[in-house]
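The values are calculated or read from the model by the stated rules, or taken from the named source; none is laboratory data. Quick caveat: nothing in here was measured; it's all calculated off a predicted structure. So basically every Cβ, Gly included, is an ideal-geometry build from the backbone, and we count neighbours across all protein chains shown. Side chains are part of the model used for accessible areas, which takes the heavy atoms of the whole protein and leaves out ligands, DNA and RNA. Shrake-Rupley method; radii C 1.70, N 1.55, O 1.52, S 1.80 Å.
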Amino acid sequence: MRIAVIGGTGLVGAKLVTTLRHRGHEVVVASRQRGVNTLTGEGLSQAIAGSRVVIDVTNSPTLDGRSVMDFFGTSSRNLLATEQAERVKHHIVLSIVGTDRLLNSAYFRAKMLQEDLVRRSPIPHTILRSTQFFDFLPRIPEPHLDGTVVRVSPAFVQPVAADEVAAAIADLAQAGPRNGMIEHAGPEIFHLDQIVRQVMTAAGDQRAVIADSRARYFGAELSNDSLTPDEGAIIGVTRFDEWLKQHASRLRAEGLSPTSSLLEGDARGPNFRTRAQRAPGTRNILSLNR
């Protein structure tokens, strides 16, 4: 099957391309690096032509309110219009768990716009909302003015390995359109400040982590369950301690801080597939201090 991956050189996109090709699909890698610009429409028709499925894993280069809204709005409209002209059978977009709960954030309002455009399009679709990736945890803390501490919300989070998100999207691409939304999360729930503290410690970052319920997340204040999925979500199997053990040496070597570049890991091979949904009522609150 011919599949176009829009944003195919990013963190999840690159993993997704590898996974799909390993499963025997013909994959078109579309990104600005490859001459495809979803904002101007440059190269879109050529990238999408002949594709049965188009997967959108693009992300805005900025969090500025107007810019991020323009990015997701313009990009999605151009992409969907081109897909309709090319008779694409299934549009898949990667979104974020909690998008509809955090609309006081410009970023989440823009993601909500993206989802709404997909829902209103005549193209059959699937929206996959993922929880935070392990790889993005170093970017969450808000530095204090004196540089000695960071502030992080103590809200619950259920982070997931980026490899497993790529595998889940590949599974959805091989299935029929759901014409709806499904969520994807990791197997464990933590307090966000606790898990960020673990990542910073592994990176050799000695700043103190202060739990602050007013600390912002993409510009939004969090309630306890803003970032956790509802029942029926796809649940991955990679535990945080497994991921951290694999990435600890690189974290230390690169001296990552919350404003540094992201890591890319390969905890699971390209044949990895998501497991069954969790049973209702199995949520556990885990403390990383144990």
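Under Stokes-Einstein, with the Kirkwood radius over Cα pairs as Rh, the value for region 1-103 at 37 °C and 0.692 mPa s is 235 µm²/s.
Peptide packing for 238-245, 75-82, 90-97, 199-206 was compared via the average number of neighbouring C-beta atoms within 10 Å per residue; ordered from the highest value, the list is 90-97, 75-82, 199-206, 238-245. Residues Thr74, Thr126, Thr40, Thr58 ordered from highest to lowest accessible area at a 1.4 Å probe: Thr40, Thr74, Thr58, Thr126.
Within the listed set Gln132, Gln84, Gln194, the residue fluctuating most in the Gaussian network model of the chain (springs between alpha-carbon atoms under 10 angstrom) is Gln84. Taking only Cα atoms, what is the 0 to 90° angle, nearest 10, from helix 240-254's long axis to the longest principal axis of the chain? That helix lies at roughly 80 degrees to the long axis. Using R0 = 30 Å, the C-beta based FRET efficiency linking Ser45 and Arg119 works out to 0.80. For a label point 7 Å from the Cα of Arg252 along Cα→C-beta, name the residues of region 192-209 whose backbone N is under 15 Å from it. Only 199-206 pass the distance filter.
In plain terms, the bigger the Kirkwood radius, the slower the diffusion; for the chain, with that radius from Cα pairs, at 10 °C and 1.306 mPa s, Stokes-Einstein puts D at 82 µm²/s. The label-point distance for Arg34 and Asp230, in a model that sets each label 7 Å from Cα toward Cβ, rounds to 3.4 nm. For region 178-228, the set of trypsin sites (Lys or Arg not before Pro) satisfying both a DSSP loop assignment and a count of at most 15 other C-beta atoms within 10 Å is given as Arg178, Arg214.
Between the C-alpha center of region 95-137 and that of region 161-184 there is a gap of 14 Å.
What share of the DSSP beta bridges in the chain is antiparallel, in percent to the nearest 5? Of the beta bridges lying entirely in the chain, close to 15 percent run antiparallel.
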